[in-house]
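So the structure is just underneath, and the comments pick up after that.
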Amino acid sequence: GFDFATPLESDVRPVNGLVAAAREVGTVTAATDPTRGGLANAVNELAAAGGVGVVLEERSVPVADATGGAAEVLGLDPLTVACEGRMVLAVDAADADAVVERLREEPGGADAAVVGRAVTDHPGDVVLDTGLGERYLDVPTGERVPRIC
């Protein structure tokens, strides 16, 4: 029943091309998709599996204006909303810029960005740097937004 000035469009697309492109130019150490629990869940899974801490830079996370606006109206956190057709990749720090540049050449990769870094502090946990301070970014709890596919 909501009308938005900007049309909401599906972001469903295959991601195999993105992974292949990243591997062409860099060392990919882990990969996952943010379909259940969004970026917050995906990054927490990577931190736990890798036994590393992660610092996620909130300002660096690309969120489309339409998505951010809809999330605000609906009281949702964009970091916990399912996101199809996207990848979360852990890559060697020395390769990060080359991987982002290469991904931006691929369909679905135009918004590729370095959004965080692995650290030795707080292994298995994710810290969100909001620009005003830091807080732990936990795995989403409760009813998750379902995929519609």
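The values are calculated or read from the model by the stated rules, or taken from the named source; none is laboratory data. Quick caveat, the model's predicted, so the values are computed rather than measured. Counting neighbours? That spans all protein chains shown, and the Cβs are built from the backbone with ideal geometry, glycine included. Please note that ligands, DNA and RNA were not included when accessible areas were found on the heavy atoms of the full protein model with its side chains. Shrake-Rupley method; radii C 1.70, N 1.55, O 1.52, S 1.80 Å.
Numerical summary
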quantity	calculated
Close pairs (9 angstrom Cβ cut-off, 6 or more residues apart or separate chains): within 15 Å of ARG86 (Cβ to Cβ) in segment 53-73, open to solvent by 60 Å² or more (accessible area, probe 1.4 Å) and part of a helix (DSSP H, G or I) anywhere	none
Subset of segment 13-44 (residues that are open to solvent by 90 Å² or more (accessible area, probe 1.4 Å) and at pLDDT below 95)	PRO14, ASN16, ARG36
Pairs, first under 17 Å from VAL19 (Cβ atoms) and open to solvent by 30 Å² or more (accessible area, probe 1.4 Å) in segment 108-122, second of a type in the set (Lys, Arg) and modelled with pLDDT of 95 or more, C-beta under 7 Å, six or more apart	ALA110/ARG104
Residue match in segment 65-78 (condition: closer than 16 Å to ASP125 by Cβ, surrounded by 16 or more Cβ atoms within 10 Å (Cβ to Cβ) and under 11 Å from the mean Cα position of the chain (by Cα))	no
